[in-house]
Each structure stands twice: as structure tokens, then as C-alpha cells.
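Worksheet for the structure shown next.
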Amino acid sequence: MFGTLKTLIVGANARAEEQVRDVYAIELIDQKIREASANLKAAKVALAGLIQRERAEQRQIDTLEARIADLLTRAKEALAAEREDLAQQAAQAIADLENELAGRQQTQARLEARIMQLRQSVETAHRRIIDLKQGAVSARAVRKEQGIQRKVNRHLGGDSPFEEAEALISRVMGEDDPFEQGEILREIDSGLNHGDIAGRMADAGFGAPGNATAHSVLDRLKGEN
């Protein structure tokens, strides 16, 4: 029982979260782009720091190489002058400088590899943020179109003015003609009062017509002639 309720609650929370994400999708996209831009900025700062360290190491390497080259020249001159004591001291200094140079060259190599890796990551993140911003523009356009479509559906769908007008027209066109209805009522009243019996008998040939007609007047004129 408890497990079932927990599952239902988790499902309800998931649906609620999805609804919130759907409603505030554009705001969430903008927030994620801001977060990605902040991460990119931090990565750029880190990259700048690595490049600065690598350049400092390069300056130290250049200095060491210059000192080594200078001491080598001086050691050769000392040997040529048979000052082996000074040449020995120079050789020891050169060995120490070369060891330091090797260490700094290894450090520089690691920095260069790290810089290359981080630079690629920064470039990839930069391109992705550009794509995200373009996608956000498209998402805003789609959301605007969806809003317009929903408004159109509300106005044109269901009990829209079009359908209401069509229903009213059908109702008016389906109503009985009041003029025809009045004629029928007069016929009914005349039948109930026997007012039309003479006319109906005259039409059947029994007796003269009750009212003069064009035919009766014409027949009467012919008889007079």
C-alpha cells in the first residue's frame, strides 16, 4: 500500500515538473544558457591562467638556456687557459642549470598539453552556446506561433462566432412563413363559419358565383350583344 502511494506521488511530482518545464520552457532555456555562459567564462579564466604559467615557464627556459650557453663559452675559455678549477665549477653550474631546464621543459610540456585540451573544450563550449542561443530564438518563435494558434483555435473552434451565426441562419430559415400561416388560419376560420360554402357550391355548378370575376363580366357583355 505504502509503495503504491509512493509510486503515485512520485508520478504526480514528475508530471507536475514536466508541466512546469513546459510552461516555463523559454525561461529555463535562458537560465541554462546563462549557466553555460558562466561556465565558459570560468573556463576561459582558467585557460588564461595556464597560458600565463606556460609563458612564464618559457621565459625561465630562455633564461636558463642563455645562462647555460654563456657558461659553456666561459668553461671552454677556462680550459683553453688551463684553468681547470674554474672550468670544473662552470661544468657543475651547467649541470645544475641543465637539470633545472629539463624540469621546466617537462612542466611546460604538461602545460601545453593542458592548454590544448582546455582550448578545445572552450571552443566547443563556445560553439554550443552559439547554437543554444540560435535554438532559443527559434524556440521563442515557435512558442509565439503556438500561442497565436491557440488563440485562433479558441476563436474559431467550439462555439465560435462562425458556428453561432450559421446556427442562427438555419433557425431563421427554418421558421414558418407568417403570411402563409395567416392564410391557412383564415381558411380554417372560414370553414368553421361555413362562409365559403356558397363559393364552393358555385364552383361545383350549383347557382351563380357569389362574386364577379373577369370571366363572368366578359360572358355578360357577350350576351348583351
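Scan (1) open to solvent by less than 90 Å² (accessible area, probe 1.4 Å); (2) farther than 30 Å from Glu35 by Cβ; (3) at pLDDT below 95 for the single condition Asp62 breaks and write down its number. That leaves (3) as the condition not met. Among the conditions (1) in a helix (DSSP H, G or I); (2) among the acidic types (Asp, Glu); (3) over 44 Å from the mean Cα position of the chain (by Cα), the only one that Glu82 does not satisfy is (1). Checked against (1) open to solvent by 80 Å² or more (accessible area, probe 1.4 Å); (2) modelled with pLDDT under 90; (3) part of a helix (DSSP H, G or I), Ala136 meets all criteria but (1).
The values are calculated or read from the model by the stated rules, or taken from the named source; none is laboratory data. Worth saying up front: this structure is predicted, and the values here are computed from it rather than measured. Every residue, glycine among them, receives a Cβ derived from its backbone with ideal geometry; neighbour counts consider all protein chains shown. Accessible surface is based on the protein model in full, side chains and every heavy atom, while ligands, DNA and RNA are left aside. Shrake-Rupley method; radii C 1.70, N 1.55, O 1.52, S 1.80 Å.
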